[in-house]
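Below is one structure, written out as structure tokens, with a few remarks after it.
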Amino acid sequence: MYEVEMKFPLSDSAAVLHQLVELGAVVGVAITQCDTYLKHPARDFSQTDEAFRIRSVGEDNYLTYKGPRIDSDTKTRREIELPCGPGSQTAVQLEEMFVSLGFQPVRQVLKQRVPYHLSIQGREFELAYDSVDGLGNFLEIELLAEPDDVAAAQQAVRQLAHELGLANSERRSYLSMLLEQEAHRPGSDLPEKV
């Protein structure tokens with residue numbers, strides 16, 4: 001499966017979220033996500049456009065690999081996510097295991113996420129209103145697609161963004177934005193590459 005996604009910074013969150021509900025979106029339960037990104041011991045993910053993380057959502061933990069983006073407009077990429085055992089100790093042990101294998105933690109990204117589900121255009125959209133510590137508010141629009149449906153899914157995501165009046169999509173990950181922000185702070189050294 002491919003994750004077809006576009007992400008937009010929000011200046012007027014209330015108006016966009018109101019439009020979503022008007023379109024029939026169903027709001028989910030707010031969650032806190034803590035993502036620990038890891039650097040590969042032999043591959044520079046900033047050069048290969050890949051990502052590997054441990055995600056903790058409450059007591060649930062997941063390992064996620066994201067492959068390189070395959071287009072220049074949306075953030076379409078292969079994604080593999082595996083559930084792991086529950087609990088904060090499991091997250092600690094996962095990180096310890098990968099560090100023992102030569103991976104290095106890069107940074108944590110902490111966000112409050114409110115999920116929305118929208119059935120429209122014959123598709124099941126997953127949207128996320130994210131409040132990211134240190135960055136602000138964003139809306140992600142996502143579809144999962146089989147390889148032969150990627151182009152149509154990309155067009156559907158673009159169309160929904162247009163209907164919501166969203167422009168200036170952000171292709172950088174939250175991790176990249178935070179690392180760039182930290183690199184430009186006075187007196188800070190450039191962080192190591194992911």
Test VAL132 against the criterion of being farther than 18 Å from LYS75 by Cα, of a type outside the set (Phe, Trp, Tyr) and open to solvent by less than 20 Å² (accessible area, probe 1.4 Å), and give yes or no.
yes
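Would you point out the residue of the range 41-76, among those that are part of a loop (DSSP other than H, G, I, E, B) and hydroxyl-bearing (Ser, Thr, Tyr), that is modelled with the lowest pLDDT?
SER72
Could you check, for the range 140-149, whether at least one of its residues is more than 19 Å from GLY67 (Cα to Cα), touching a strand residue (DSSP E or B) at 6+ places or on another chain (Cβ under 9 Å) and not β-branched (Val, Ile, Thr)? Explain how you work it out, then say what you get.
Going residue by residue through the range 140-149, those that are more than 19 Å from GLY67 (Cα to Cα) are none.
Checking the range 140-149: not a single residue is more than 19 Å from GLY67 (Cα to Cα), touching a strand residue (DSSP E or B) at 6+ places or on another chain (Cβ under 9 Å) and not β-branched (Val, Ile, Thr).
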Restricting the first residue to the range 41-62 and requiring it to be crowded, with 16+ Cβ neighbours inside 10 Å, which pairs with a second residue that is assigned to a strand (DSSP E or B) and among the small types (Gly, Ala, Ser) meet a Cβ separation below 9 Å and a spacing of at least six or different chains?
PHE45/ALA51; TYR62/SER56
Scanning the range 28-40 residue by residue, the ones that are open to solvent by 50 Å² or more (accessible area, probe 1.4 Å) and in contact with a Leu (Cβ under 8 Å, 6 or more places away or on another chain) total 1
Show the residue pairs meeting these rules: Cβ distance below 6 Å; 6+ apart or different chains; first residue within the range 1-28 and closer than 16 Å to GLN159 by Cβ and aromatic (Phe, Trp, Tyr); second residue open to solvent by less than 60 Å² (accessible area, probe 1.4 Å) and not in a helix (DSSP H, G or I).
PHE8/LEU139; PHE8/LEU166; PHE8/SER169
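With the structure loaded, tell me whether GLU142 is part of a strand (DSSP E or B) and touching a helix residue (DSSP H, G or I) at 6+ places or on another chain (Cβ under 8 Å) or whether it fails that test.
Working: part of a strand (DSSP E or B): yes; touching a helix residue (DSSP H, G or I) at 6+ places or on another chain (Cβ under 8 Å): yes.
The answer is yes for GLU142.
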Pick from the range 157-174, criterion open to solvent by 10 Å² or more (accessible area, probe 1.4 Å) and in a helix (DSSP H, G or I), ranking: farthest from VAL27 (Cα to Cα)
TYR174
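Listed here are the residues, each with its yes/no results for (1) surrounded by fewer than 16 Cβ atoms within 10 Å (Cβ to Cβ); (2) hydrophobic (A, V, I, L, M, F, W, C); (3) under 12 Å from the mean Cα position of the chain (by Cα); (4) over 15 Å from VAL57 (Cα atoms).
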{"site": "VAL92", "(1), (2), (3), (4)": "yes, yes, no, no"}
{"site": "LEU101", "(1), (2), (3), (4)": "yes, yes, no, yes"}
{"site": "ARG113", "(1), (2), (3), (4)": "no, no, yes, no"}
{"site": "GLN121", "(1), (2), (3), (4)": "yes, no, no, yes"}
{"site": "ALA128", "(1), (2), (3), (4)": "no, yes, yes, no"}
{"site": "GLY136", "(1), (2), (3), (4)": "yes, no, no, yes"}
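The values are calculated or read from the model by the stated rules, or taken from the named source; none is laboratory data. Small disclaimer: the values here were computed from a predicted structure and weren't measured. A quick note on method: Cβ atoms are made from the backbone with ideal geometry, for glycine too, and the neighbour counts reach across all protein chains shown. Keep in mind that these areas ignore ligands, DNA and RNA; they rest on the heavy atoms of the full protein, side chains included. Shrake-Rupley method; radii C 1.70, N 1.55, O 1.52, S 1.80 Å.
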